[in-house]
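First comes the structure, then the notes that go with it.
The values are calculated or read from the model by the stated rules, or taken from the named source; none is laboratory data. Owing to the predicted nature of the structure, the values given are computational and were not obtained by experimental measurement. Cβ: placed from backbone, ideal geometry, glycine included. Neighbour counts: every protein chain shown. What goes into the accessible areas is simple: the full protein's heavy atoms, side chains included, and nothing from ligands, DNA or RNA. Shrake-Rupley method; radii C 1.70, N 1.55, O 1.52, S 1.80 Å.
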Amino acid sequence: MINVRELQEVVSLMNESGIQKLHIEHEGTKVVIDKAGIPLEDTAVTEVKTEEVKAAAAEQTPQDSMSVNAAGNNEKQILSPMVGTFYAKPEADADPFVQVGQTIERKDVVCVIEAMKLFNEVDAGMEGEVLEILVKDGDVVEFGQPLFTVKSY
């Protein structure tokens, strides 16, 4: 059985390092955590053999790492899924992934976050219109930090 405290530490390390998917097998218990571009409430623990581990994982992961209700009616925010450096463009001389006023789809890439020399694409996770870009290209962002405000459809 996996110790609950160990699982909590693993989830914290994943959030800090930007690791998107992790498989753990220990003494007959298998845990798969996958947060790659999908809100964590859908994938927090894919397969678990003990209820105690499942409960601990649910407590340690945010309800939705991609969006949260903002102050407006249909306004939501796209949040940073990890700590790293925010890049609005795929390359220095390229156009930005998204601009204010642009309509986005759920699977559209809205930015890239570099963590530990790995570039992680961030999907919109929702459909709507980009109202505001909250960070500048090259800014260091924190886990859960709002990146974009979107008028959700």
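For segment 77-121, a/c is not less than 1.5, where a ≥ b ≥ c are the root eigenvalues of the C-alpha gyration tensor, and a/b does not top b/c. That puts it in the oblate class. Accessible area per residue was computed with a 1.4 Å probe on protein heavy atoms; LEU131 scores about 60 Å². Taking amide hydrogens as placed 1.01 Å from N in the peptide plane, the amide H of PHE148 sits under 5 Å from those of ILE78, LEU134, each at least 5 positions away in sequence or on another chain. The overall shape of segment 105-150 is oblate: from the C-alpha gyration tensor, with semi-axes ordered a ≥ b ≥ c, the ratio a/c is 1.5 or greater and a/b is no larger than b/c. The modelled label-to-label distance for the pair GLU142/ARG106, using points 7 Å beyond Cα in the direction of Cβ, is 3.1 nm.
Hey, if we sort ASP137, ASP123 by accessible area with the 1.4 Å probe, largest down, what's the order?
Details: ASP137 80, ASP123 30 Å².
Largest accessible area first, the residues go ASP137, ASP123.
Take SER12: with every protein chain present and a 1.4 Å probe, its accessible area is about 50 Å². When the pairs LYS89/LYS136; LYS76/LYS151; LYS76/LYS117; LYS107/LYS151; LYS21/LYS136 are compared against a 18 Å limit on Cα-Cα distance, LYS76/LYS117; LYS21/LYS136 fall above it.
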